[in-house]
Amino acid sequence: MSFPTPRIYYFRKYYKLASSLKIMKREIEDKTILDKFAEQFCSIVERHCKYIVCSGFVAIAHGRSRGTEDIDMILERVKEENFIELHEDLVKNGFVCVQSDDPKILFKEYLTKKGSIRYVWKDEGFFPPEMEVKLAKDELDNEQIKNRIKLPLTKLNIYFSSIENNIAFKEELLRSDKDMEDARHLRIIYKEKIDENEINRIKEKIKKIRIKNERIA
Amino acid sequence: MRESHNEQVERWAEYVKNNPDKWKSRLKPFLDSQIIIARRFYKKLAETEQGKEKINELRKSATANYSAEKRA
């Protein structure tokens, strides 16, 4: 014998659903132009290779109150044919590269020479925001891609380099006032979770690999 | 002067940490306005004589500054 479901059950279920929809709606409305641009770009890149978003946008996505027109992305070292497919997919989905429309030129003349290329929304006529894309250039970049992470606090569906990596790069390599402030902001947001030993390990690696190589160059 | 700016950076970071559902709606107009203003400016600049060349120069200069910052 079954009993009719009490009305309160349906009311609670409806209330729960309405609350979830309200939260989802607010999260969508809260997305900035940079958030939408980054999520759209990353969803296309993810179909072709691994990537990370690093540097300033990591701090901005965690509430750092400063402006930027570009987002930094590092791609794993893809082959030329993979890059061509990725570029064509980006173009098909409304992005355009500032430097050239020819993916072979972009790969040979920019990416393999440790340079960067910049993509923008085609409809906006080469204006901001921009995604600055580079290939992983050394062990440090490969390690950042290997340990990439989604950061739930940002509410963004994007892979970032770890917080420890971002702090270490900003404090050890980049070191401008803006970068030091970004690092301090991230340190406050993640103060209970930050692994200081990991930051020091990455800083040592930056000194050995990046700073030494740049002195030689 | 600098110290008070540092304090402001820290105060805002604490606010973000303690108000995960509120900070975004407060920051969104500020972040979006920078992109909107930049777009508006570049569009106007592009319409002027040599405007497109100047935009290209600005782009190259931004990339050069970024690389220099990383080397410093």
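Values in this text are rule-based calculations from the coordinates and carry no lab data. Keep in mind that this is a model prediction, so the values were computed, not measured. A quick note on method: Cβ atoms are made from the backbone with ideal geometry, for glycine too, and the neighbour counts reach across all protein chains shown.
For the residue pairs A:K16/A:K191; A:K104/A:K155; A:K92/A:K191; A:K134/A:K207; A:K13/A:K191; A:K203/B:K17, alpha carbon separations beyond 31 Å are given by A:K16/A:K191; A:K104/A:K155; A:K92/A:K191; A:K13/A:K191.
Charge dipole (Cα centre; +1 on Lys/Arg Cβ, -1 on Asp/Glu Cβ; no other charges) of the protein assembly as shown amounts to roughly 800 debye.
Net length available on complete extension from A:K155 to A:R175 is 4.5 nm, with 0.36 nm assigned per residue and the Cα-Cα distance removed. Based on the Cβ-Cβ distance from B:I37 to A:E88, what FRET efficiency comes out when R0 is 35 Å, to the nearest 0.05? Once the sixth-power term is evaluated, E becomes 0.60. Neighbouring Cβ atoms from other chains, within 10 Å of the Cβ of residues in A:119-132, number 3 on average. By the Stokes-Einstein formula, at 1.567 mPa s and 4 °C, the range A:64-158 with its Kirkwood radius over alpha-carbon pairs has D equal to 89 µm²/s.
Counting other Cβ atoms within 10 Å as a rough exposure proxy, the listed residues B:H5, A:H87 run B:H5, A:H87 from fewest neighbours to most. Charge dipole of the range A:30-162 (Cα centre as origin; +1 on each Lys and Arg Cβ, -1 on each Asp and Glu Cβ, all else neutral): 340 debye, rounded to the nearest 20. Quick check on the protein assembly as shown: of the DSSP beta bridges with both residues there, what percent are antiparallel, nearest 5%? In the protein assembly as shown, DSSP labels about 65 percent of beta bridges as antiparallel. When the GluC sites (Glu not before Pro) in the range A:115-201 are filtered for DSSP coil states and for at most 11 other beta-carbon atoms within 10 Å of their beta-carbon, the remaining sites are A:E192. In summary, the convex hull built on the alpha carbon positions of chain A has an orientation-averaged projected area of 17.4 nm².
Each other residue within a Cβ distance under 11 Å of B:Y42 adds +1 if Lys or Arg and -1 if Asp or Glu, for a net charge of +4.
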